[in-house]
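J.: Handing you this structure, nothing more for now.
The values are calculated or read from the model by the stated rules, or taken from the named source; none is laboratory data. Just so you know, these numbers come straight off a predicted model, no measurement behind them. Cβ: placed from backbone, ideal geometry, glycine included. Neighbour counts: every protein chain shown.
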Amino acid sequence: MNGDLIRSICWKISDFVATRGRNDQYGIFQQSLVNRADLHRVMNEYPATFVSPPKTAYSDLEVTEENDGTWSVEVPLWSKEEGASDLCLMLTFAQEGDDIRVSLDDCYVP
């Protein structure tokens with residue numbers, strides 16, 4: 001798996017979160033360290049209107065390969081008010097055969 005593929009998936013996830021509304025986004029993750037109630041609370045308490053990011057929003061996103069063969073990425077959500085917002089998703093990517101698994105590890109303001 002390469003960084004460009006991960007960045008593309010990050011854009012799709014951010015777009016999905018923004019366009020599906022604050023209450024629909026949880027089901028896109030195969031696994032999560034964040035429970036549904038906490039994710040909804042954080043998203044609903046954040047004072048912004050989330051929008052689809054520009055296509056180039058994540059072209060410089062830092063992708064870190066971990067010792068266990070997974071990749072970690074901190075993905076800022078995009079808002080109408082801020083552009084790249086302070087609220088981020090911490091995602092972990094793992095390749096299992098031909099499949100790519102995405103885990104939501106956190107949703108937070110760093």
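J.: Within segment 59-110, can you find the residues that are surrounded by 13 or more Cβ atoms within 10 Å (Cβ to Cβ) and of a type in the set (Gly, Ala, Ser)?
T.: Within segment 59-110, SER72, SER79, ALA84, SER85, ALA94, SER103 meet the criteria.
J.: So, one more: Provide a single number: the residues in segment 67-110 that are in a strand (DSSP E or B) and not hydrophobic (A, V, I, L, M, F, W, C).
T.: Count: 16.
J.: Checking the structure you have, find out if any residue of segment 5-14 is within 15 Å of LEU89 (Cα to Cα), surrounded by 14 or more Cβ atoms within 10 Å (Cβ to Cβ), modelled with pLDDT under 80 and not aromatic (Phe, Trp, Tyr).
T.: no
J.: Just checking, does segment 77-85 include any residue being modelled with pLDDT of 90 or more and either at positive phi or touching a His at 6+ places or on another chain (Cβ under 6 Å) (or both)?
T.: Yes, segment 77-85 has at least one match.
J.: Ok, one more. Can you spot a residue in segment 63-78 that is touching an Asp or Glu at 6+ places or on another chain (Cβ under 6 Å) and farther than 26 Å from MET1 by Cβ?
T.: There is no residue in segment 63-78 that is touching an Asp or Glu at 6+ places or on another chain (Cβ under 6 Å) and farther than 26 Å from MET1 by Cβ.
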